[in-house]
1. Name the residues in segment 215-228 that are open to solvent by 60 Å² or more (accessible area, probe 1.4 Å) and in contact (Cβ under 8 Å) with a residue 40 or more places away in the chain, would you?
2. Only residues that are modelled with pLDDT of 95 or more and either in a strand (DSSP E or B) or among the aliphatic types (A, V, I, L, M) (or both): list them for segment 38-54, please.
3. (1) in contact with a helix residue (DSSP H, G or I) (Cβ under 7 Å, 6 or more places away or on another chain); (2) closer than 16 Å to VAL300 by Cβ; (3) not aromatic (Phe, Trp, Tyr); (4) not in a loop (DSSP other than H, G, I, E, B): which one isn't true of GLY371, the others all being true?
4. Can you tell me which residues in segment 133-166 are open to solvent by less than 30 Å² (accessible area, probe 1.4 Å) and either over 24 Å from SER200 (Cβ atoms) or small (Gly, Ala, Ser) (or both)?
5. With (1) without any contact (Cβ under 8 Å) to a residue 12 or more places away in the chain; (2) crowded, with 20+ Cβ neighbours inside 10 Å; (3) of a type in the set (A, V, I, L, M) as the list, and ALA363 as the residue in question, which single condition is left unmet?
6. For segment 233-247, check the following and say yes or no: at least one residue is in contact (Cβ under 8 Å) with a residue 12 or more places away in the chain and either among the small types (Gly, Ala, Ser) or within 28 Å of THR112 (Cβ to Cβ) (or both).
Amino acid sequence: QFATRVVSCRAAELRPEGGGEPVRGFQVVLEDTILFPEGGGQPDDRGLIGDVPVLRVTRRGPEALHFVPTALEPGAEVLLSLDWERRFDHMQQHSGQHLITAIADQMFGFKTTSWELGRQRSLVELDTPSVGAEQVQALERSVNEKIRDRVPVTVRELAAGDPDIETVRGRGLPGDHAGPVRVVDIEGIDSNLCCGTHVSNLSDLQVIKLLGTEKGKKNKTNLIFLVGNRVLKSIEQSHSTEKALTSLLKNGPGEHVEAVRRLQSSVKLLQKNNLNLLRDIAVLIARDFKSKPAPRELFVLHRKEGDSEFMNIIANEIGTEETLLFLTVGDEKEAGLFLLAGPVEAVENLGPRVAELLGGKGAGKRGRFQGKAAKMSHRGEVQALLQEYLSHRSP
């Protein structure tokens, strides 16, 4: 917590991180703050001004802008409270990134070109087209050795013209930077220009887990990592998943993969048999219709189980030169598929209207119009439309 005073408060809008309509509120400037404004690859802090939540903290020159939903009186004394869990998480990830970056450079000459502190995982972008699995393992061993060595992490400030700045790693200063330059030192390992928040000793990182790599932009490689409490949360999630799979698969964790492979093989075989049965059923339905002496101008069928191939087999078996077919598959209360087949002129006239009645979309050619239907319960209206069409066409 930190006692300070409100300098200014003005109306503003905040665009949510996930998108959506802007939120109306106020931007507050305080005499000083303990809430970090987003920058340098690190997200901003959260907290309270009195009992008013701070929804975003950004930087404008030397000022931190606190976005709040409620107006605050300029000149008022306020107590600022920090969301420590969020802050400590960012400290762990950011100091972990400095350590990974320094050791990757020392061991393999891989330079870090950027980094990202994500909500679940973080990454460093390395200026190399690939990083081998053995290199990832060696890097992970080395950074965790440094954590166990309990190496101090300190912060110092240099004057803007200090020649020591040239010896410090960094990607340059922001264009609007003014005043002293902040340097974060990991004793004997790294010195880096940085505005972010950090632990005071590498032991506070607890552990670093490198999850692997993925292809980055412009011939670079992204190295994915977790630090500290995020590693513990990941293990907890994995253990919960493991317990659930053990219960479902009725075997131990070491047998899960093989059990899933067997299930996949069984499912593929069942799907194949099911398709063969559906084809046989389609042929039998068509032959049963053709064997009846009654007029064969219209054939209507709905089946919950089926697919486009099922409907097309029926259409092929019955023939569409003289018969108009309206076939649907799927749950009657949900979405499904439809097929209108028959004489070319009839299908061209009726296809778009059928799709409209079913609340769906479709396309057709050569006497067939098929697509997706959102309102399967409207099949009765389609059947009435088809019967009306046939009654006007018949002599």
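1. LYS217, ASN219
2. GLY47, LEU48, ILE49, VAL52, PRO53, VAL54
3. Single failed check for GLY371: (2).
4. Residues satisfying the conditions are VAL136, ALA138, SER142.
5. If we test ALA363 against (1) without any contact (Cβ under 8 Å) to a residue 12 or more places away in the chain; (2) crowded, with 20+ Cβ neighbours inside 10 Å; (3) of a type in the set (A, V, I, L, M), just (2) comes out false.
6. yes
Residue-by-condition table, conditions (1) modelled with pLDDT of 95 or more; (2) part of a helix (DSSP H, G or I); (3) open to solvent by less than 40 Å² (accessible area, probe 1.4 Å); (4) in the same structural domain as HIS302 (by the TED database):
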position: SER191; (1), (2), (3), (4): no, no, yes, no
position: LYS209; (1), (2), (3), (4): yes, no, no, no
position: THR213; (1), (2), (3), (4): yes, no, no, no
position: ARG230; (1), (2), (3), (4): yes, yes, yes, no
position: SER247; (1), (2), (3), (4): no, yes, no, no
position: GLY254; (1), (2), (3), (4): no, yes, no, no
position: LEU270; (1), (2), (3), (4): no, yes, no, no
position: ASN273; (1), (2), (3), (4): no, yes, no, no
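The values are calculated or read from the model by the stated rules, or taken from the named source; none is laboratory data. Note that the structure is predicted; figures quoted are calculated from it, not measured. Glycine gets a Cβ as well: all are built from the backbone with ideal geometry, and neighbour counts include every protein chain shown. All accessible areas refer to the heavy atoms of the entire protein, side chains included, with ligands and DNA or RNA removed. Shrake-Rupley method; radii C 1.70, N 1.55, O 1.52, S 1.80 Å.
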